[in-house]
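The values are calculated or read from the model by the stated rules, or taken from the named source; none is laboratory data. Every value quoted in this text rests on a predicted model; they were computed, and no experiment measured them. Backbone-built Cβ (ideal geometry, glycine too); neighbour counts: all protein chains shown.
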Amino acid sequence: MKYDIKKIASIIGAPYKQAVSDYGISVLLTDSRSLTFPEETLFFAIKTERTDASRFIPRLYSCGVRNFVAESYSSEWDGMTDTNIFIVPDVVVALQQIAAEHRRRFSVPVVGITGSNGKTVVKEWLYQLLREEYTITRSPRSYNSQTGVPLSVWGIEPDTELAIMEAGISQPGEMERIAKVIAPTTGIFTHIGDAHQENFTTFEEKILEKLKLFETADTVIYNADEEEVAAAITKYCKGKHLAGWSKHDPSAPVYVSQIEKKSSSTRIDIQYSGETISFEIPFIEEASIVNAIHCATVALLLGISPAKLSRRMMQLEPVAMRLEVKEGKNGCTIINDTYNSDINSLAIALDFLSRRDTSKEMPRRVILSDILQSTSDDARLYTRVAEMLTRCGVAHFVGIGARLCANRRLFPEGSEFYTTTREYMASGSIERYSGELILVKGARSFMFDEISEALSLKRHETILEINLDALLANYNHYKQKLSRPTRMICMVKAFGYGAGSYELAKTLQDAGCDYLAVAVADEGAELRKTGITMPIMVMNPEMSAFDTLFRYNLEPEVYSFRLLRALSRAAEAQGITKFPVHIKIDSGMHRLGFTPSDMPELIRQLSRGTALLPRSVFSHLAGSDDIALDAFTMQQIERFTRCAAELQRSIPSPIFRHILNTAGISRFTQYQYEGVRLGIGLYGVAPYDGETGLKCVSSLKSTILQIKELTPEETVGYGRKGKLSRPSRIAAVPIGYADGLDRHLGNRKGEMFVNGKHAPIVGNICMDVTMIDVTDIECAEGDTVEIFGNNIRVEELAGKLGTIPYEILTSVSSRVKRVYYRE
């Protein structure tokens, strides 16, 4: 659906002076890197504390975009006479105004979902339950923010019969704006938790803020057993149909009379409108049960029969809310997205593909199924798909499904087409792929997980999951503490604290990070080879690595006169001048660096030649996380400040200063100077007890290989150390000390997390296998086990071992596969 540009100007109240012929706008763009159809795009140059997206307007103009919304005009755009540039007070508000007007054009029922957890799962399960009755438009993935909501609502088309939208907030005042965009007719309050509580004065304030979504709703669905939520809804949603469900109150509109958990499924009995309705879901976790009851309530209110509901509930599929990046065979990298199949999610996946390899050295291949979740006619749909693939630089295309086969003429010559996944798997094509970046994108019914599995490099069943969205959230958590000019230096040394360097570096580069810091030159060289172009600091440069520093433009730390002289001679020998270096000051930690008494000689040697040029001067705080050491920390800062000033007076070019580490950013923000270094906090580990709001980045997981029933007289493991005091169920998990699991956690000192409960480790930890006691846990072979992550925090594990989180994270063996994903 297209909007005339004159209509756009009217909606946002911007002066309109036609510069060129009328444009039809079908794409609202907020991220310049996600450009697909420039001639139909309206770009919103959003300004934040960290960046002003109006700086991307010239580049987008060169790519063919001619319509822009910004908050101020720049003379840099004077030459772009064939453009429409709308100047508004607030770009995000303008985006929301356009989406709200689009929403007003449709009288279809809209389900609005809010809460702390479960929004995306409820949305996707509702889609699975209702897609046979309705043509549904829903939020892509977790598009529930101030910008995500309008982009989601923009997807409503004339043939949409039902819309399902998420709404998320993090602070007061946000919901009112996006509530006007969604304008739901039915509201769902999923669950209230502690997320973002630091931004609200009370728990009730957060609940009331979320309830603003339901102002236009006729019906509100909620868990009546959450007392604070129920009280607020009863008080503030008067006059609406309140469809609260309860496990305890038989008088509730929906009464959950029985829940029976089995080994791999759960039976739920509910009483609704005088009728008892039974259904089963293929999940046993409490969160899944709650989400399923929300969905069942909505389905019944929309008139789905109990028989249909019962059948479909058992067919609910897990919601893989993420794009996974996996190591593939023959040097390939696999992006696995068998989450859903629609044109919007394809655009998101292709954008993700483009950002994985900015150097474009790896040929890009896309394996795509028929797009089932679309109401467009096939010719128009697949013409658009072909254009998107071309714009993304896809070299090889594989189409699977009858519709793609029927429209093969729309795709480039050399594309492959198969009617079924089985036919493709039998073709042998997979074995010929080498050194490619491959996106596997398809509807679940095509069983594309088989393709992903066949492409993936096989290792054992223990993996380290890295949540790139959590990494970004932590980055922004600290970035918002800084003034705008302050540089952020992110530590990705030691293989990215065990998480893997490249994916983290690429994500941080895309986020606008100023510098990366690695331990040794070889780490930096590997990042350069994979397309990382941002400045890289090397913290421990070796004398033998000078050529690597020069070749890959890596900026070394200089901490001693010996290193300074050797590096200067090496640069002079190659005719290099003004090579950037970072001067390390020993302000009191006494590890590496020049002492205050060294400053005169340091200045003399730096002034004597032109080979090296100080880019920054820095020091390291010994105890910024410990309030008992605050006096010493201030001593260090004062010492460093004097040394930095002395150095700057002798060097004509500006030198930026940085002394704050992760704890320092939060506790000594006033000394951020021109730069800070973010380390352990980036990975979700709080550097001191008072730090809150961080998200878990790395989760070490495995699976249950086997479960055995043992009697009390039997023992478990080497040396018969695993004693049993009762009849027990013992599960074997394929992780051991060779994978980085510390042997001191054996014999019930440590535990793992299985299906919502903690399972103690029994007996000695072996090289490759560990046994856990699952006697009191409903579980089966093949179930997932968490060693550390959201449920067993790295800090908790470190405390048991008398060590620090750094050691836990960096101890995970390289044989453990890293799996990267975006939510």
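Quick notes
- Residue selection: residue 243 satisfies the criterion of being at negative phi, surrounded by 21 or more Cβ atoms within 10 Å (Cβ to Cβ) and small (Gly, Ala, Ser).
- Checked against (1) of a type outside the set (D, E, K, R); (2) touching a residue at least 60 places away in the same chain (Cβ under 8 Å); (3) under 22 Å from residue 33 (Cβ atoms), residue 517 meets all criteria but (3).
- Residue within the range 190-202 that is in contact (Cβ under 8 Å) with a residue 60 or more places away in the chain, among the hydrophobic types (A, V, I, L, M, F, W, C) and out of contact with any Ser or Thr (no Cβ under 6 Å at 6 or more places or on another chain) present: no
To keep it simple, each residue is scored yes or no on (1) in contact with a Lys or Arg (Cβ under 8 Å, 6 or more places away or on another chain); (2) at pLDDT 80 or above; (3) not polar (S, T, N, Q).
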site	(1), (2), (3)
306	no, yes, yes
330	no, yes, no
344	no, no, no
347	no, yes, yes
352	yes, yes, yes
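- Subset of the range 642-699 (residues that are touching a strand residue (DSSP E or B) at 6+ places or on another chain (Cβ under 8 Å), of a type in the set (A, V, I, L, M) and under 21 Å from residue 585 (Cβ atoms)): 644, 647, 651, 655, 659, 660, 665, 676, 678
- When the range 364-397 is filtered for residues that are of a type in the set (Asp, Glu), assigned to a loop (DSSP other than H, G, I, E, B) and surrounded by 15 or more Cβ atoms within 10 Å (Cβ to Cβ), only 370 remains.
- Test: residue in the range 617-631 that is in the same structural domain as residue 521 (by TED's automatic domain parsing), assigned to a helix (DSSP H, G or I) and surrounded by 15 or more Cβ atoms within 10 Å (Cβ to Cβ): yes
- All of (1) buried (at least 16 other Cβ atoms within 10 Å of the Cβ); (2) touching a Gly at 6+ places or on another chain (Cβ under 7 Å) hold for residue 433 with one exception: (2).
- Taken residue by residue, the range 736-744 has at least one member that is in contact with an Asp or Glu (Cβ under 9 Å, 6 or more places away or on another chain) and either exposed (fewer than 15 other Cβ atoms within 10 Å of the Cβ) or closer than 26 Å to residue 261 by Cβ (or both).
- Scanning the range 756-764 for residues that are at pLDDT below 95, among the small types (Gly, Ala, Ser) and at negative phi turns up nothing.
- Scanning the range 277-328 for residues that are farther than 21 Å from residue 162 by Cβ, crowded, with 20+ Cβ neighbours inside 10 Å and among the small types (Gly, Ala, Ser) yields one hit, 328.
- The residue that is surrounded by the most Cβ atoms within 10 Å (Cβ to Cβ), counting only those in the range 661-678 that are closer than 17 Å to residue 645 by Cα and of a type in the set (Phe, Trp, Tyr), is 671.
- Lone qualifier among 290, 254, 229 - being touching a residue at least 40 places away in the same chain (Cβ under 8 Å) and closer than 21 Å to residue 777 by Cβ: 290
- Scanning the range 397-415 for residues that are farther than 17 Å from residue 383 by Cβ and either aliphatic (A, V, I, L, M) or within 32 Å of the chain's Cα centre (by Cα) (or both) yields 398, 400, 402.
- Residues of the range 247-273 that are among the polar types (S, T, N, Q) and more than 19 Å from residue 313 (Cβ to Cβ): 251 alone.
- Spans of strands (runs of 3 or more DSSP E) in the range 204-285 with at least 2 residues more than 16 Å from residue 298 (Cβ to Cβ) and either acidic (Asp, Glu) or in contact with a Leu (Cβ under 7 Å, 6 or more places away or on another chain) (or both): 275-281
- Some residue of the range 293-300 being assigned to a loop (DSSP other than H, G, I, E, B) and either of a type outside the set (Phe, Trp, Tyr) or within 20 Å of residue 224 (Cβ to Cβ) (or both): no
- Filtering the range 1-34 to residues that are in contact with an Asp or Glu (Cβ under 9 Å, 6 or more places away or on another chain), within 15 Å of residue 351 (Cα to Cα) and modelled with pLDDT of 80 or more leaves 27, 31.
- Counted residues, the range 659-715 - those being part of a strand (DSSP E or B) and more than 19 Å from residue 508 (Cα to Cα): 11
- In this structure, residue 449 does not qualify as closer than 29 Å to residue 331 by Cβ, surrounded by fewer than 20 Cβ atoms within 10 Å (Cβ to Cβ), of a type outside the set (Ser, Thr, Tyr) and touching a strand residue (DSSP E or B) at 6+ places or on another chain (Cβ under 7 Å).
- Qualifying residues in the range 274-287 (those that are in contact (Cβ under 8 Å) with a residue 60 or more places away in the chain and of a type in the set (D, E, K, R)) - the one farthest from residue 315 (Cα to Cα): 286
- The lone criterion from (1) buried (at least 21 other Cβ atoms within 10 Å of the Cβ); (2) more than 17 Å from residue 4 (Cα to Cα) left unmet by residue 29 is number (2).
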